[in-house]
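Below is one structure, written out as structure tokens; comments come after it.
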Amino acid sequence: MIRAIVVLLAFGLSSGSPALAAEAITGKWVTQEKDAMIAIRKCGKAFCGTLERFLIAPKGGKDQRDVNNADPAKRNRRLIGTTILSNLKADADLWRGQIYDPKTGRTYTSEVKRKAGGLLEVKGCLGPFCQTQVWKPAG
């Protein structure tokens, strides 16, 4: 009996506890600048986030194009519907993937993590240098 309990405890610890599992990040999020809403959902085997709508119209209006994209072939695509977060996969208590910044046209490595109060911490990193934003759930 004691051996069975020890085996169950060992299995429970080795399979990961819920406290260490990455919390769900799906839903609609308002960016820190409150200028856009990003919808995060399952995309194949990973998760992604797309620019669902502008909350503040950019210079080019609500039909703004991806003019800063490093790929000239993508510069005429609409920003609405563009994938901002891609290939997000759970890694311990966070999600790792990539983040695209349409303001610079660059893609960075990313870490996304749920925070207290239902907030989402979103990091974009270039090597050891990271910039962090906190997104709020959309009402």
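The values are calculated or read from the model by the stated rules, or taken from the named source; none is laboratory data. Predicted, not measured: the structure shown is a model, and the values here were computed from it. Every residue, glycine among them, receives a Cβ derived from its backbone with ideal geometry; neighbour counts consider all protein chains shown.
Details
- Per-region count, the range 30-41, residues part of a strand (DSSP E or B) and over 11 Å from the mean Cα position of the chain (by Cα): 3
- Conditions (1) among the small types (Gly, Ala, Ser); (2) under 18 Å from Val134 (Cβ atoms); (3) surrounded by fewer than 17 Cβ atoms within 10 Å (Cβ to Cβ): number failed by Ala70: (2)
- Residue within the range 115-123 that is part of a loop (DSSP other than H, G, I, E, B), of a type in the set (Gly, Ala, Ser), at pLDDT below 95 and loosely packed, with under 14 Cβ neighbours inside 10 Å present: no
- Filtering the range 1-50 to residues that are modelled with pLDDT of 85 or more, over 18 Å from Lys113 (Cα atoms) and of a type in the set (Gly, Ala, Ser) leaves Ala36, Gly44.
- Restricting the first member to the range 68-91 and to residues that are touching a residue at least 24 places away in the same chain (Cβ under 8 Å) and within 15 Å of Gly105 (Cβ to Cβ), and the second to residues that are exposed (fewer than 11 other Cβ atoms within 10 Å of the Cβ) and of a type outside the set (A, V, I, L, M), the beta-carbon pairs closer than 7 Å and six or more apart or on different chains are Asn68/Lys103.
Rundown of residues vs (1) more than 15 Å from Met37 (Cβ to Cβ); (2) in a strand (DSSP E or B); (3) at pLDDT below 95, yes/no style:
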position	(1), (2), (3)
Glu52	no, yes, no
Asn76	yes, no, no
Ile80	no, no, no
Ile84	no, yes, no
Gln98	yes, yes, no
Gly139	no, no, yes
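- Some residue of the range 55-62 being touching a strand residue (DSSP E or B) at 6+ places or on another chain (Cβ under 7 Å) and either of a type in the set (D, E, K, R) or modelled with pLDDT of 50 or more (or both): yes
- Looking across the range 22-56 at every residue that is surrounded by 12 or more Cβ atoms within 10 Å (Cβ to Cβ) and small (Gly, Ala, Ser), the one that is nearest to Val134 (Cα to Cα) is identified as Ala36.
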